[in-house]
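Sharing a structure here in structure tokens format.
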Amino acid sequence: MKSYLFPTYNKFPLTLVKGNQTTLWDDEGKSYLDFMTGLAVCNLGHVPDRVKARIQEQLEQLWHVSNLFHIPTQEELAEKLAAISCADLVFFCNSGAEANEAAIKCARRYHQRVLGNERYEIITFEQSFHGRTLATLTATGQGKVKDGYLPLPEGFVHARFNDIQSVRSRITQKTAAVMLELVQGESGVHLAEREFVLELAKLCEEKGILLIVDEVQTGIGRTGSMFAYEHYGIEPDIITLAKGLASGLPIGAMMGKAKLEGAFSAGSHASTFGGSPLPTAAGLATIETLMEDGLFERAKKAGAYALDKLENDLKVYPAIRAVRGLGLLIGIECAEPVAPIIQKLHQNGLLVLPGGTHVIRLMPSLYVTSDEIDQAVHILGHVLKEPDGSTNGL
């Protein structure tokens, strides 16, 4: 069948039509255990009841209104995010790339309009991923996303991940901020080391450099706390969010310290759809559900169980090199490219995705049960044991 879409995605040969909690169904009625959650978006599982009820209520009232007017759900969500984080102010947009774009703009404008200097460079890290706009793909520390988009914007330099001396060597009089993922998910689930993060936070404070933590994938309970930075005992100047914030509705957020207020003054930045009533209502219900159901502790325990189960059950397979993760963001590093393995896992009813070329990435719902984790590990072991990917014994 001819498609009228640009072929920008290497799509899996599945058409998913229905979801409930941790299960998805395709158009032929086959069920799948979902350990992708729409790229860490559906943290509460698919079609969570309380979020659905809040969306239905909002649908009967108002879908969209310009940001030139006060939007109650936007104000409420911003207040709630400030209350549960180290941030004081929030700017809403529609995606993680837009949130990171806003962070870059805010950092530059803070130095140039508030502090009165000419700093503009952002230090990011090799193998990082920050988005697909021209600025955020330039910030990304992976060459594959930059192919064919020259010339790229100036103002970005890359340091080695977990190497504080590499960061020091790249600081100049032009450095405005450092942008960091505490878990580099897209390139293989690589965790920032605690000592490195503490040294980096201290270095930024000493040099008057803003610290931006990209929590687009790690935020909203994914790592066993509301935000990944909480594991490290630091307070970033700017935090970016998206993915899990509204349980599947498009939203992004840039959160910052009060000192940044003058950088984003009236007319300095905007988003037509950012913070509209519908996604912010979903965001409110999502955050309330996370808090009321104690999902941070649940994700922490489930993640520890999953890591232990994976390490013990898969260590007999020579193809497995390492298992690592934080909370329910887990990577299984393999000796060979994982694309064929992932295809077989899908055929056997387990939906996962790659992290780089050699890592299988697992990101289930925060409600995932130990039985579902056991089932996923069983399928993984079966596929690794049976190269033909047959479903015998399942």
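The values are calculated or read from the model by the stated rules, or taken from the named source; none is laboratory data. Values in this document were obtained by computation on a predicted structure and should not be read as measured data. Please note: Cβ atoms are built from the backbone with ideal geometry, for glycine as well, and neighbour counts cover all protein chains shown. Side chains are part of the model used for accessible areas, which takes the heavy atoms of the whole protein and leaves out ligands, DNA and RNA. Shrake-Rupley method; radii C 1.70, N 1.55, O 1.52, S 1.80 Å.
Hey, residue 106 hits all of (1) over 16 Å from the mean Cα position of the chain (by Cα); (2) surrounded by fewer than 23 Cβ atoms within 10 Å (Cβ to Cβ); (3) touching a residue at least 24 places away in the same chain (Cβ under 8 Å) but one; which does it fall short on?
So residue 106 meets the others, but not (2).
A follow-up question, please. Are there any strands (runs of 3 or more DSSP E) wholly within the stretch 228-346 with 2 or more residues that are out of contact with any Gly (no Cβ under 8 Å at 6 or more places or on another chain), open to solvent by less than 30 Å² (accessible area, probe 1.4 Å) and closer than 22 Å to residue 129 by Cβ, and if so which? Break it down into steps so the answer makes sense when it comes.
Values: elements: 238-241, 252-256, 320-326, 329-334.
The qualifying strands (runs of 3 or more DSSP E) are 252-256, 329-334.
Also, quick follow-up: For the stretch 133-161, what are the residues that are under 21 Å from residue 197 (Cα atoms) and in contact with a helix residue (DSSP H, G or I) (Cβ under 9 Å, 6 or more places away or on another chain)?
139, 140, 156, 157, 158, 159, 160, 161
Being under 29 Å from residue 324 (Cα atoms), crowded, with 17+ Cβ neighbours inside 10 Å and touching an Asp or Glu at 6+ places or on another chain (Cβ under 6 Å): is that true of residue 131 here? Reasoning before the result, please.
On the way: under 29 Å from residue 324 (Cα atoms): yes; crowded, with 17+ Cβ neighbours inside 10 Å: yes; touching an Asp or Glu at 6+ places or on another chain (Cβ under 6 Å): no.
Taking the combined requirement at face value, the residue does not satisfy it.
Also, quick follow-up: Which residue pairs have Cβ atoms under 9 Å apart, sit 6 or more places apart or on different chains, and have a first residue in the stretch 164-176 that is more than 19 Å from residue 113 (Cα to Cα) and in a loop (DSSP other than H, G, I, E, B) and a second that is open to solvent by less than 20 Å² (accessible area, probe 1.4 Å) and not acidic (Asp, Glu)?
Close Cβ pairs satisfying both conditions: 171/123; 171/178; 171/203; 171/209.
Does the stretch 153-163 contain any residue that is open to solvent by less than 20 Å² (accessible area, probe 1.4 Å) and assigned to a loop (DSSP other than H, G, I, E, B)? Working first, answer last.
In the first step, residues of the stretch 153-163 are kept if they are open to solvent by less than 20 Å² (accessible area, probe 1.4 Å); the result is 155, 159.
Remaining after also requiring assigned to a loop (DSSP other than H, G, I, E, B): 155.
The answer is yes, given that some residue of the stretch 153-163 is open to solvent by less than 20 Å² (accessible area, probe 1.4 Å) and assigned to a loop (DSSP other than H, G, I, E, B).
Condition first: assigned to a loop (DSSP other than H, G, I, E, B), free of Cβ contacts under 8 Å to residues at least 60 places away in the same chain and open to solvent by less than 70 Å² (accessible area, probe 1.4 Å). Now tell me which residues in the stretch 9-40 satisfy that. Explain how you work it out, then say what you get.
Initially, the stretch 9-40 is screened for residues assigned to a loop (DSSP other than H, G, I, E, B), giving 9-15, 22, 27-30, 35-36.
Still in the list and also free of Cβ contacts under 8 Å to residues at least 60 places away in the same chain: 9-11, 13, 15, 27-29.
If the condition is that a residue be assigned to a loop (DSSP other than H, G, I, E, B), free of Cβ contacts under 8 Å to residues at least 60 places away in the same chain and open to solvent by less than 70 Å² (accessible area, probe 1.4 Å), then 29 is the only one that fits.
Mind checking which residues of the stretch 43-78 are open to solvent by 100 Å² or more (accessible area, probe 1.4 Å) and touching a Pro at 6+ places or on another chain (Cβ under 6 Å)? Give the derivation first.
First, pick out the residues of the stretch 43-78 that are open to solvent by 100 Å² or more (accessible area, probe 1.4 Å): 49-50, 56-57, 60-61, 63, 68-70, 75.
Answer for the stretch 43-78, where residues must be open to solvent by 100 Å² or more (accessible area, probe 1.4 Å) and touching a Pro at 6+ places or on another chain (Cβ under 6 Å): there is none.
Condition first: under 30 Å from residue 362 (Cα atoms) and touching an Asp or Glu at 6+ places or on another chain (Cβ under 6 Å). Now tell me which residues in the stretch 180-214 satisfy that. Please lay out each step first, then the result.
Just the residues of the stretch 180-214 that are under 30 Å from residue 362 (Cα atoms), to begin with: 180-201, 211-214.
Passing the criteria: 181, 211, 214.
Filter the stretch 347-364 for residues that are touching a residue at least 60 places away in the same chain (Cβ under 8 Å) and in contact with a Pro (Cβ under 9 Å, 6 or more places away or on another chain); which is surrounded by the most Cβ atoms within 10 Å (Cβ to Cβ)? I'd like the intermediate steps shown before the answer.
Step one: of the stretch 347-364, the residues touching a residue at least 60 places away in the same chain (Cβ under 8 Å) are 349-353, 355-356, 358-359, 361-364.
Retained after the next criterion (residues that are in contact with a Pro (Cβ under 9 Å, 6 or more places away or on another chain)): 358, 361.
Details: 358: 17, 361: 25.
So, considering only residues that are touching a residue at least 60 places away in the same chain (Cβ under 8 Å) and in contact with a Pro (Cβ under 9 Å, 6 or more places away or on another chain), the one surrounded by the most Cβ atoms within 10 Å (Cβ to Cβ) is 361.
Shifting gears a bit: Tell me, which residue of the stretch 48-75 that is among the aliphatic types (A, V, I, L, M) and out of contact with any strand residue (DSSP E or B) (no Cβ under 6 Å at 6 or more places or on another chain) is farthest from residue 94 (Cα to Cα)? Step through it out loud before you land on a result.
Within the stretch 48-75, the first condition is being among the aliphatic types (A, V, I, L, M), and the residues that meet it are 51, 53, 55, 59, 62, 65, 68, 71.
Checking the rest, the ones that are also out of contact with any strand residue (DSSP E or B) (no Cβ under 6 Å at 6 or more places or on another chain) come to 53, 55, 59, 62, 65, 68, 71.
Values: 53: 22, 55: 17, 59: 18, 62: 18, 65: 15, 68: 17, 71: 16 Å.
Among those that are among the aliphatic types (A, V, I, L, M) and out of contact with any strand residue (DSSP E or B) (no Cβ under 6 Å at 6 or more places or on another chain), it is 53.
Exactly one condition in (1) open to solvent by less than 40 Å² (accessible area, probe 1.4 Å); (2) under 26 Å from residue 246 (Cβ atoms); (3) free of Cβ contacts under 8 Å to residues at least 40 places away in the same chain is not met by residue 138; state its number.
The number of the failed condition is (2).
While we're here: Does the stretch 55-71 contain any residue that is within 28 Å of residue 298 (Cα to Cα) and either touching a Leu at 6+ places or on another chain (Cβ under 7 Å) or in a helix (DSSP H, G or I) (or both)?
Step one: filter the stretch 55-71 for residues within 28 Å of residue 298 (Cα to Cα), giving 55-56.
Checking which are either touching a Leu at 6+ places or on another chain (Cβ under 7 Å) or in a helix (DSSP H, G or I) (or both) leaves us with 55-56.
Yes: the stretch 55-71 contains one or more residues that are within 28 Å of residue 298 (Cα to Cα) and either touching a Leu at 6+ places or on another chain (Cβ under 7 Å) or in a helix (DSSP H, G or I) (or both).
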